[in-house]
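Student: Let me give you the structure first, and then I'll get to my questions.
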Amino acid sequence: MTNIAAIFKKEFRSYFNSPIAYIFITFFLGLSSWLFFRGFFFGNQAEMRGFFGLMPWIFLFFIPAVTMKLWAEEKKIGTIEILMTLPIRDYEVVLGKFFASFALLIATVLLSLVIPFSVMYFGDPDGGTIFAGYIGLLLMGAAYLAIGLFASTLTENQIVAFIFGISTCFVLLIIGEDFVLFNAPNWLYPIFSYLGLGAHYSSILRGVLDSRDIIYYLSVIGFFLYLSTLAVESRKWR
Amino acid sequence: MIEVRELTKSYGPTVAVNRVSFDAHAGEVLGFLGPNGAGKTTTMRILTCYLAADAGSATVAGYDVFEESIEVRKRIGYLPESAPLYTDMGVLEYLNFMTQVRQLPKSDRKERIRSVIDTCGLADVIQKDIGELSKGYRQRLGLAQSLIHDPPILILDEPTSGLDPSQIIEIRNLIRDIGQEKLVLFSTHILSEVSATCSRVLIINNGKIVANGTPEELTSQAKGEEIVHIAIRGPQEAVEAQLNELDFVSQWTHVETTDGIAGYQINATQESNAAEALFHVVVQNGWSLTELRQESADLEDVFLNLTDKEQTQLQNQQSAEQADDTNDNDA
């Protein structure tokens, strides 16, 4: 536990030691508010569905950018050799790095609470759906983070990690979309609709926090963190 | 403290480490000497539990590097080649991070950081970011990092590469000091470094250990014949006739003659004190001596000798195989 905390602290501070965190937060808030408020006043309704609807697509580009350096950079500059010869288990490093990126996501999402407060200023939105929406946002974001982290373990090139992260998230996102589901063979329909990252998110957005959706996201996170650990360990396979 | 038995590791078809076996004990400075790509780094990476060997075993302080890797890692301080560090961290912040991941008790942390800053001469740069440090300071910080938990075993991969001469001397002295009570295993491809710092040398080439002993042992092994360079002003024919008569001269070659001075390279039997004897011969004949130089075998010869032998063996093997192939084709 103390090991995970040490890695967490180091990684979290490293986001703020470099411009990554500031750029991420500024651009994320700027872009999402602009895209949301641009349509908000036409709708003439005090609700945030538009905001939450944008998020899977904005996250698609922002989240792999946060995770791409976590392993690729260590490999590139060779610090991984010191890191992985410390008396720490591989999964502890993976978890420490994951939680650090998750903490950055939480910080960003908290700052975006400005948006619901402004919406409340203009009208009277449903607090329950907004709350559920934010939980869904964090769960989906964490799933993206785990996928991005896994992508980063596979290469020493950050750009490759970024692109690979985006494409994996993209595939998992669109297989739950109606367009793909209607064209998929019948036997694939239930699998795709269950695996799709977006479908569970939209059911949370309706204001219902179903344990199945939460379990789904936790399993995606667990699965990709496990794969990351395997990828890190693979240097020692014989 | 370190026991390595028949360690083997390949990357695809290339065998990087080939049945390497050796022992090392506390209070030793063990130099790993070999040309680039000889398998030094791979051996070190296996000992530090970064990589796993394909075959063979290695134990560090009684723990197996594969089965009990966490215990092994606790006892090793490791500085990888070219000291990779987190450039976006501060020096103090980095050392602090290392005390945490090394699980030092909170009460000792400040003390240990102060101690390694002292040992490695980092006092001037503690306020700086690692990214601003010069190569020499990075190397020292890397060393500080490896010493922070006061490990009984220190593994350093080319700790002096890229440093200027005065920094190299500093690091060597540091290694020697640390080696008084700990086991230091360090790799280098610079020969003078080995004779300057090591109590024992392992010469490794093409993944195999080709020599193992103290620097003195290895140099005396290499000494077979003495070679004397001499330049004499005198009647060339008489000089050469005299050289033929001397019984300690096993062979001589005329190198060059300039302005009536003839230069010779003389191979003399061992311990004949050839240089002195030659001097007397020249004086007795009334010639004059303009150069007299005795070549002594040093580690360099040992090294070149051993690594060359391997090379030629390998080439012979390959050409033999090629010959076989052509024969097969002919058939």
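Please treat every number below as a calculation from the coordinates, not as lab data. On a predicted model such as this, the values are computed, not experimentally measured, just so you know. Using ideal geometry, Cβ is built from the backbone for each residue, glycine included, and neighbour counts are taken over all protein chains shown.
Student: By how many degrees, between 0 and 90 and to the nearest 10, does the Cα long axis of helix B:165-178 differ from the longest principal axis of chain B?
Tutor: Rounded to the nearest ten degrees, it is 70.
Student: Shifting gears a bit: What are the residues whose amide H is under 5 Å from the amide H of residue B:61, where those residues sit 5 or more places off or on another chain and H is modelled from the backbone?
Tutor: B:2, B:3
Student: Still on this model: Treating only the Cβ atoms of Lys and Arg (+1) and Asp and Glu (-1) as charged, compute the dipole magnitude of the protein assembly as shown about its Cα centre; round to the nearest 20 debye.
Tutor: In total the dipole reaches around 3400 debye.
Student: Any idea how far the Cα center of the range A:147-221 sits from the one of the range A:118-133, in Å?
Tutor: Using only Cα atoms, the two centres lie 27 Å from each other.
Student: I've got another one for you. For chain A, modelled as a Gaussian network with Cα springs under 10 Å, which listed residue fluctuates most, A:120, A:55, A:140?
Tutor: A:120
Student: Can you sort B:97, B:279, A:224 so the residue with the fewest Cβ neighbours within 10 Å comes first?
Tutor: By the 10 Å Cβ count, ascending: B:279, B:97, A:224.
Student: If you average the C-alpha positions of the range B:1-35 and of the range B:73-114 separately, how far apart do those two centres end up, in angstrom?
Tutor: Taking the Cα centre of the range B:73-114 as reference, the centre of the range B:1-35 is 26 Å away.
Student: Counting pairs of alpha carbon atoms under 8 Å apart in space and at least six apart in sequence, what relative contact order in percent does chain A give?
Tutor: On the way: 275 pairs, mean separation 62.7, N = 238.
That works out to 26 percent.
Student: Still on this structure, I have one more. Highest GNM mean-square fluctuation, chain B, Cα pairs closer than 10 Å: which of B:81, B:276, B:170?
Tutor: Looking only at B:81, B:276, B:170, the largest GNM fluctuation is found for B:276.
Student: Among DSSP beta bridges lying fully in the protein assembly as shown, give the percent that are antiparallel, nearest 5.
Tutor: Once the DSSP bridges in the protein assembly as shown are tallied, antiparallel ones form about 70 percent.
Student: Can I ask one more? Tell me the mean residue ellipticity at 222 nm calculated for the protein assembly as shown from its helices only (DSSP H runs of n ≥ 4, each -39500 (n - 2.57), averaged over every residue, nearest 500).
Tutor: -18500 deg cm²/dmol, from helical runs alone.
Student: Can you give the percent of C-alpha pairs in the range A:2-233 whose distance is more than 23 Å?
Tutor: Tail fraction, whole percent: 50.
Student: Moving on. Quick one: 3J(HN,Hα) in Hz for the range B:12-22, Karplus 6.51/-1.76/1.60 with θ = phi - 60°, rounded, Gly and Pro as x.
Tutor: x, x, 7, 8, 7, 10, 10, 6, 8, 9, 6
Student: Using a 10 Å cut-off on Cβ to Cβ distances, tally the other chain neighbours for every residue of A:74-85 and report the average as a whole number.
Tutor: Mean partner shielding for this stretch: 6.
Student: Testing the spin-label approximation: label points 7 Å from Cα along Cα→Cβ at residue B:280 and residue A:41. State their distance in nm.
Tutor: The modelled label-to-label distance comes out at 11.2 nm.
Student: Say we join alpha carbon atoms closer than 10 Å with springs in a Gaussian network model of chain A; which of A:194, A:216, A:134 then has the biggest fluctuation?
Tutor: With Cα springs under 10 Å in chain A, the top fluctuation among A:194, A:216, A:134 is at A:194.
Student: Using a Förster distance of 41 Å, how high is the FRET efficiency between residue A:210 and residue B:128, based on the Cβ-Cβ distance and rounded to 0.05?
Tutor: For R0 = 41 Å, the calculated efficiency reads 0.20.
Student: Another one. If we count every other residue with Cβ under 12 angstrom of residue B:200's Cβ, Lys/Arg +1 and Asp/Glu -1, where does the sum land?
Tutor: -4
Student: Over chain B, what is the relative contact order in percent, taking alpha-carbon pairs closer than 8 angstrom and at least six residues apart?
Tutor: Averaging sequence separation for qualifying contacts and normalising by length gives 19 percent for chain B.
Student: To the nearest Å, what is the center-to-center distance of the range B:152-190 and the range A:45-65, using C-alpha atoms only?
Tutor: A separation of 54 Å, based on Cα centres.
Student: Taking H placed 1.01 Å from N in the peptide plane, check which residues at least 5 places from residue B:16 or on another chain put their amide H under 5 Å from its amide H.
Tutor: Counting only residues 5 or more places away or on other chains, the set is B:9, B:10, B:11.
Student: On to the next question. I'd like the FRET efficiency for residue A:170 and residue B:55, computed as 1/(1 + (r/R0)^6) with the beta carbon distance as r and R0 of 35 Å, rounded to 0.05.
Tutor: 0.20
Student: Apply the Karplus curve 6.51 cos²θ - 1.76 cosθ + 1.60, θ = phi - 60°, to the phi angles in the range B:242-251 and return the couplings in whole Hz, x for Gly and Pro.
Tutor: 4, 4, 5, 6, 5, 7, 7, 8, 8, 6
Student: Also, quick follow-up: What is the set of long-range amide H partners of residue B:210 at a cut-off below 5 Å, with H atoms built 1.01 Å from backbone N?
Tutor: Residues meeting the criterion, in which the H sits 1.01 Å from N, are B:203, B:204, B:205.
Student: Apply the Karplus curve 6.51 cos²θ - 1.76 cosθ + 1.60, θ = phi - 60°, to the phi angles in the range B:84-93 and return the couplings in whole Hz, x for Gly and Pro.
Tutor: Computed from phi, the couplings for the range B:84-93 are x, 9, 7, 5, 8, 9, x, 4, 5, 4 Hz.
Student: Using only the Cα atoms of the range B:2-221, construct the convex hull and provide its projected area averaged over every direction, in square nanometres to one decimal.
Tutor: Dividing the Cα hull surface by four gives the mean projection, 12.1 nm².
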